[in-house]
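Remarks on the structure that follows.
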2 protein chains.
Amino acid sequence: MSEDEIAAMMRALGHPVRLEILRILSARADSCCCNDVTDCLDLAQSTVSQHLKVLLDAGVIERHAQGTRNNYRVRHDRLSGFTGAMERYFDQLGTDAASCARASRPQPAA
Amino acid sequence: MSEDEIAAMMRALGHPVRLEILRILSARADSCCCNDVTDCLDLAQSTVSQHLKVLLDAGVIERHAQGTRNNYRVRHDRLSGFTGAMERYFDQLGTDAASCARASRPQPAA
DNA sequence: GGCTTGCATCGTCTGTTGACGATAAAGAAA
DNA sequence: TTTCTTTATCGTCAACAGACGATGCAAGCC
């Protein structure tokens with residue numbers, strides 16, 4: 001994952017309502033539709049739909065049409081892929097910092 | 001970390017420039033000031049200062065005044081703490097989903 | 001004391017986000 | 001067919017984010 005992709009994913013997840021939606025979807029993994037989420041959230045249906053779209057565009061959830069309703073499901077694989085990428089990214093930063101600090105210490109006379 | 005705290009942290013990190021700033025700070029862990037960052041970034045000094053403030057408020061970096069300049073450093077402990085919290089959060093979601101799916105399967109007749 | 005440097009902050013502007021109600025489309029049910 | 005349900009999308013509005021230049025302030029240096 002590129003830096004921009006990580007940033008985009010963070011942005012998508014960086015909203016309390018969207019995290020809550022992920023929790024709601026996870027709690028009833030099978031057959032959870034937009035209305036079900038709206039019932040839990042004290043927000044307008046259109047607002048919830050927008051949040052779902054953000055999560056969908058980020059690839060964190062998936063949609064399955066079933067008759068007139070759309071069932072949403074969390075893509076846990078994507079979530080863990082993201083946490084993995086993030087961890088690697090930050091680890092890399094730490095490693096760079098360490099090697100940089102080492103390089104800048106006074107060297108033994110050559 | 002609460003859901004809101006995780007969301008706030010994500011939000012702070014959910015901007016490509018701020019991730020880049022983290023990289024820049026990590027690359028020269030000792031004595032990197034606002035101007036140093038600005039030199040790397042093709043952005044106005046005021047803009048960089050704002051981004052630094054966001055990262056500072058999120059607790060991802062720390063500031064050390066040194067004469068007239070302020071040195072910034074990445075708080076890798078906080079970063080790894082955050083990735084840990086996030087991982088636990090998402091793992092929890094996955095676990096809930098699994099147990100929920102199990103519970104909703106047809107039960108053997110009682 | 002003046003001058004320079006480094007930087008935070010202010011004010012402003014523009015674009016985006018997040019909320020809402022209204023509406024339209026599409027499948028299910030009558 | 002008509003009606004109901006579900007949901008995405010549109011338009012709007014207020015609030016926020018991110019960019020900038022200008023300014024002020026504090027610490028070093030002459």
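The residues of region A:4-14 that are within 14 Å of DNA strand D (Cβ to nearest atom), surrounded by fewer than 19 Cβ atoms within 10 Å (Cβ to Cβ) and not basic (Lys, Arg), listed by number, are A:ASP4, A:ALA8. Yes or no: A:ALA65 within 11 Å of DNA strand C (Cβ to nearest atom), at pLDDT below 95 and on the phi < 0 side of the Ramachandran plot? Taking the combined requirement at face value, the residue satisfies it.
In the set A:ILE61, A:ILE24, only one residue is within 11 Å of another protein chain (Cβ to nearest Cβ) and either within 23 Å of B:ARG88 (Cα to Cα) or in contact (Cβ under 8 Å) with a residue 12 or more places away in the chain (or both); that residue is A:ILE24. For B:LEU19, the conditions (1) facing another protein chain (nearest Cβ under 7 Å); (2) under 30 Å from A:ILE21 (Cβ atoms); (3) open to solvent by 50 Å² or more (accessible area, probe 1.4 Å) all hold with the exception of (3).
Applying a threshold of 6 Å to beta carbon distances and a minimum spacing of six or more residues, or different chains, the list of pairs starting in region A:28-55 at a residue that is more than 14 Å from chain B (Cβ to nearest Cβ) and ending at one that is open to solvent by 70 Å² or more (accessible area, probe 1.4 Å) and within 8 Å of DNA strand D (Cβ to nearest atom) reads A:CYS33/A:ARG69; A:THR38/A:GLN45. Each residue in region B:28-85 was checked for being away from DNA strand D (no atom under 15 Å from the Cβ) and open to solvent by 40 Å² or more (accessible area, probe 1.4 Å), and 9 pass.
The values are calculated or read from the model by the stated rules, or taken from the named source; none is laboratory data. Remember, it's a predicted structure, so these values are computed and weren't measured experimentally. Using ideal geometry, Cβ is built from the backbone for each residue, glycine included, and neighbour counts are taken over all protein chains shown. The protein model used for the area step is the full one, side chains on, heavy atoms only, and it has no ligands, DNA or RNA in it. Shrake-Rupley method; radii C 1.70, N 1.55, O 1.52, S 1.80 Å.
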